[in-house]
Structures are given as C-alpha cells and as structure tokens.
Amino acid sequence: MLVTALEAAEKHDAIVTIGITPTRPETGFGYLELAAPAAHGQVVGVERFVEKPDRAKAEEYVAAGRFLWNAGIFCATAKRLLGELATHLPTTAHAVREIARDPANALALYPTLPSISFDHAVMEKTERVETVPASVGWDDVGSWAALPAVRGSDDTGNTIAGNAFVLDGRGNVVVCDDATLIAAVGVDDLVIVKSGDAILVIRKDAAQDVRKVIDALSARGLARYL
C-alpha cells in the first residue's frame, strides 16, 4: 500500500493518503470521499476531505460506502508540499524555506508559526488528493476511547488499567497511574483517567473533545495540570 502511494505521489504530483475502510461511525477521524469506486490497493481520486464530522454525518458516511477514514499517512514530494504550504499557509512555507537554508533558524521561527494541523491547513483545501484504500486493522489510538481496541475489555465491556474497578457498569475505560483507587459504580460508557494530580471524567463518545479541556485550562491559567 505504502509503495503504491509513494509511486502515485511522484507520478501524479499529488498528496496521496492511505484510506482505511471504516468499521464504525467515528466522529474523531477525518474522512475521504472517493471520486469513484476503487478496490483495495488501487489509487483513486478524492472528491473531498472532511475533518471530524458530527455523529449523524459519520453514520451517513459509513452507510454511503464511498468514504474512508483518513489514517494521517501522507505521501508527497517536497515540491508538492511546499507548493501547498505556499498556497494555504504561506507563513509556514516561508519558515520551512528559511529553516532548510539554515537549520539554526528553527529555534527562532518555529514558535512564531500558526498552531494548526496539516489536515485543517492543507487537506481540507487542496484539490490534489488521491488515496489508496486499505483494510489493515488500523485504528487511531490518540483517544482514550480507542484503548479497548489495544488492551481489550472484560465481559462487561470495561477496560481497566491500574488500580481501579467498576461495579454495575458497562463500556467504561478507567485508568489510574498510581496507587490511588478509582471505584466506578452504576455508570456506563465513561472515560475516567487519573494522571498525576488531575482526574478526567468524560463520556466515551466525547473522548475526542479532550482538547476542549486543554484549551479551557490554559484560558483559566491552570496549565500546570496539563
């Protein structure tokens, strides 16, 4: 898959992604709408890139059968990447050129750059995207809700890591990083995480919104908990 994507990126002068066949309506992933039906391993054009839809849209995309998850694996030539940055994120493009000219510039330039993901800055705007559909058991472990896919669950669907237990509850993810005991009783589909001197409690279907907590803490001068 990756070799095919690399070859297509050079041959077609495009950004080529690995697109994953979705197994559920996930609101935390970006989606690729295919320009035409394609078998696994074939290169196909992308009609549009959609970043993190709401639940209703995610269900619609999975039912439609022409959307893939964006795995965040991008293949492109340096020329194409610089061209896209120059069009959609010129400040960053200028900084990349300055850093390439003299790597010592990175220390001064990097903190001045806009804080934005490649997905939002480029992938949602560019018209030069292709993908290689794949079904390789990929999942995004950047969310606490994805932990059960990695660690597994007990017979009630709870995933426990550390000194914790759940009574009369299902589908919870509970993580404790020290000897503190976490006991969850009569709750379902929650993520409960104890890390250092901070505790996070969030619905599992909103686990991707943890960024909102980070932003809120920063705005309140509570960055010491991050």
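Here are some notes:
- Residue count for segment 202-226 satisfying the condition of being at pLDDT 90 or above and either open to solvent by 90 Å² or more (accessible area, probe 1.4 Å) or closer than 17 Å to S153 by Cβ (or both): 1.
- When residues in segment 12-59 are screened for being within 22 Å of A145 (Cα to Cα), outside any strand (DSSP E or B) and among the aliphatic types (A, V, I, L, M), 2 of them pass.
- Among the residues making up segment 127-166, a single one is open to solvent by 20 Å² or more (accessible area, probe 1.4 Å), among the hydroxyl-bearing types (S, T, Y) and within 27 Å of L34 (Cα to Cα): S135.
- Elements of the type helices (runs of 4 or more DSSP H) sitting completely within segment 60-114 and holding at least 3 residues that are touching a Gly at 6+ places or on another chain (Cβ under 6 Å), modelled with pLDDT under 95 and crowded, with 17+ Cβ neighbours inside 10 Å: there are none.
- Number of the exception - K11 against (1) without any contact (Cβ under 8 Å) to a residue 40 or more places away in the chain; (2) surrounded by 14 or more Cβ atoms within 10 Å (Cβ to Cβ); (3) under 19 Å from T126 (Cβ atoms); (4) not aliphatic (A, V, I, L, M): (2)
- Residue selected from segment 4-39 under the condition within 17 Å of F74 (Cβ to Cβ) and at pLDDT below 90, by the criterion nearest to the chain's Cα centre (by Cα): F29
- For segment 163-196, filtering for residues that are more than 18 Å from G152 (Cβ to Cβ) and among the basic types (K, R) leaves 1.
- The one condition in (1) in contact with a Cys (Cβ under 8 Å, 6 or more places away or on another chain); (2) surrounded by fewer than 17 Cβ atoms within 10 Å (Cβ to Cβ) that S195 fails to fulfil: (1)
- Within segment 129-142, being part of a loop (DSSP other than H, G, I, E, B) and either on the phi > 0 side of the Ramachandran plot or modelled with pLDDT of 90 or more (or both) holds for one residue alone: G137.
- Selection from segment 115-126 of residues that are more than 16 Å from the chain's Cα centre (by Cα) and either open to solvent by less than 60 Å² (accessible area, probe 1.4 Å) or acidic (D, E) (or both): T126
The values are calculated or read from the model by the stated rules, or taken from the named source; none is laboratory data. Predicted, not measured: the structure shown is a model, and the values here were computed from it. No Cβ is skipped: glycine too gets one built from the backbone with ideal geometry, and neighbour counts run over all protein chains shown. These accessible areas exclude ligands, DNA and RNA; they are computed on the full protein's heavy atoms, side chains included. Shrake-Rupley method; radii C 1.70, N 1.55, O 1.52, S 1.80 Å.
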